[in-house]
Structure formats: C-alpha cells, structure tokens
Amino acid sequence: MERRGGEWRLLTRRCTIEMTADTDASWVYSANVKGFLKPHWSREDASYQRPVIASTQGERW
C-alpha cells in the first residue's frame, strides 16, 4: 500500500486462483486461467514472498 493524495491505495496486487471442482482438469488450460501463476506446494510459492514484489517471472498456465 502507499499513500496517494491523502488516501491509502494498493501499490501491488497479486491474484491467486484457488478452487476445487468435481470435473476433469481441462479447465486449467482454458482462457479463463491462462496467464495466472502456477502454484507450488512449498515455500517457493509466491504467496510466501515478503515483501510482495510485482514481477512477471514465474511459471504460468
């Protein structure tokens, strides 16, 4: 967050997809998911990164 014009505003936003579905895995390769970062079930996952840094790096769907 940063203060702009006397108001607090988001400086960096990271969008994370987390869901479950009772279906096949084809939705993962759909246009709705394309471009999102792939998660890692480890401390290497971007959600553990502090401070949050805007980056274009990472494996994507």
Rounded accessible area per residue of the chain, 1.4 Å, Å²: 95 Å²
Qualifying GluC sites (Glu not before Pro) for the chain [loop in DSSP, other Cβ within 10 Å: at most 16]: E18, E44, E59
Within the range 11-61, trypsin sites (Lys or Arg not before Pro) in DSSP loop having at most 10 other beta-carbon neighbours inside 10 Å: R13, K34, R43
Simple label model, 7 Å out from Cα along Cβ direction - Q57 to R3, nm: 3.2 nm
Potential lengthening between A46 and L11 on full extension [0.36 nm per residue; Cα-Cα distance subtracted]: 10.9 nm
Charge context of A54, other residues only, Cβ under 10 angstrom, K/R +1, D/E -1: +2
Reduced Cα scattering model of the chain, Debye log10 I(q)/I(0), q = 0.18, 0.20, 0.21, 0.23 Å⁻¹: -0.79, -0.90, -0.95, -1.05
Percent accessible area from carbon and sulfur atoms, the chain, protein chains only, probe 1.4 Å: 51 percent
Whole-number percent relative contact order across the chain, with pairs defined as alpha carbons under 8 Å at least 6 apart: 33 percent
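The values are calculated or read from the model by the stated rules, or taken from the named source; none is laboratory data. This is a predicted model, so every value here is computed, not measured. Cβ atoms come from the backbone with ideal geometry, glycine included; neighbour counts cover every protein chain shown. In case anyone asks, the SASA skips ligands and DNA or RNA and just uses the protein heavy atoms, side chains included. Shrake-Rupley method; radii C 1.70, N 1.55, O 1.52, S 1.80 Å.
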